[in-house]
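A quick write-up on the structure given underneath.
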Amino acid sequence: MPPELRLVCLDIDDTLIDFSAASRRSLAALIGRTDMWPLWERITDEHVARVVAGGLDYADMHVRRTEAFLTELGVIAAHPDIAEFEVQRKDRLRRYLRLFDDVLPCLDWLIAAGVRLAAVTNASGAHQREKLANLGLARFFDHVAIAGEMGVAKPDPVMFHSVCFKLGCDPAEAVHVGDKLGTDAIGARDAGLAGVWLDRDPSGSADIDPPAGIHVLAGLDELPELLVSEFVRVGVPAQR
């Protein structure tokens, strides 16, 4: 018998908010070229891994990441110049951030279905809460789980179990949706939740074969149908 759905967890960046597009645009505006995004992304991933491992905090990571990026471009910058680069990049990023078109209809449907909602992110807490508030998303969520504040990060099962415990449900009664196959979908599945990989660009991942037990969606507009088909009853009146 399929379980009852009580909780839907959602990643934030590139799941709800088109973060990568805004980041690419802000970086290009600063350096005057559009071909350096892969380098920026690689250096960012390396430095974020150090944050998740506990070797850096986010504020320090931003400075070191930018310094490493500029060095790769052949620019030897002093600390004040690096800090100013970050200030300008973040200012542009805030102005460029947008929700994906399918986000608000999906969240409205989930609220109407009576499920509880959690935002679950490995990114910086202050920045994520600011984004949720500025883009009108904060009102939808019963809980926001930030890796840096919890001392654990996706795909560690403790991250997912802590959210389920906080909102009073069993992992089998919860779904997690995110744009990272390993970090989000497989991590959630291994923790006992239903793992959903939101693959917004299927053409770029055609050679990836998701493992057993992973649901794949091309957009959040497909989530309601998946939930209705996989759970015996979607929605229990929840205290919000």
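All of the numbers you see were taken from the coordinates with simple rules; none came from a lab. All of these numbers come straight from a predicted model, not from anything done at the bench. Using ideal geometry, Cβ is built from the backbone for each residue, glycine included, and neighbour counts are taken over all protein chains shown.
Values as computed for the structure displayed
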{"item": "Hypothetical label at residue 229: residues of region 165-196 whose amide nitrogen lies under 16 Å (7 Å Cα-Cβ projection)", "result": "195-196"}
{"item": "Cα centroid separation, region 103-164 to region 1-59 (Å)", "result": "15"}
{"item": "Normalised convex hull volume, region 29-100, alpha-carbon set, Å³ per residue", "result": "111"}
{"item": "Residues of type lysines that residue 166 reaches as a straight line, Cα spacing below 25 Å, ignoring anything fewer than 8 places off in the same chain", "result": "131, 154, 180"}
{"item": "Counting all C-alpha pairs of region 138-200, share separated by more than 13 Å (%)", "result": "60"}
{"item": "Integer Hz, Karplus 6.51/-1.76/1.60 couplings in order for region 45-50, x for Gly and Pro", "result": "4, 4, 6, 5, 4, 5"}
{"item": "Within a Gaussian network of the chain (alpha carbon springs, distance under 10 Å), most fluctuating of 48, 87, 63", "result": "87"}
{"item": "Evaluated over the chain, the Cα radius of gyration and Dmax, each in Å", "result": "18.5, 62"}
{"item": "Radius 14 Å from Cβ of residue 80, net charge of other residues (Lys, Arg +1; Asp, Glu -1)", "result": "-4"}
{"item": "Gained length - residue 166 relative to residue 112, 0.36 nm times residue gap less alpha-carbon distance", "result": "17.3 nm"}
{"item": "Among beta bridges that DSSP assigns inside the chain, antiparallel share in %, nearest 5", "result": "5"}
{"item": "Around residue 47: net Lys/Arg minus Asp/Glu count, Cβ-Cβ under 12 Å", "result": "-2"}
{"item": "Chain lengthening between residue 33 and residue 129 when straightened (0.36 nm per residue, less Cα-Cα)", "result": "31.5 nm"}
{"item": "GNM result for the chain, Cα springs below 10 Å: residue of 29, 147, 138 fluctuating most strongly", "result": "29"}
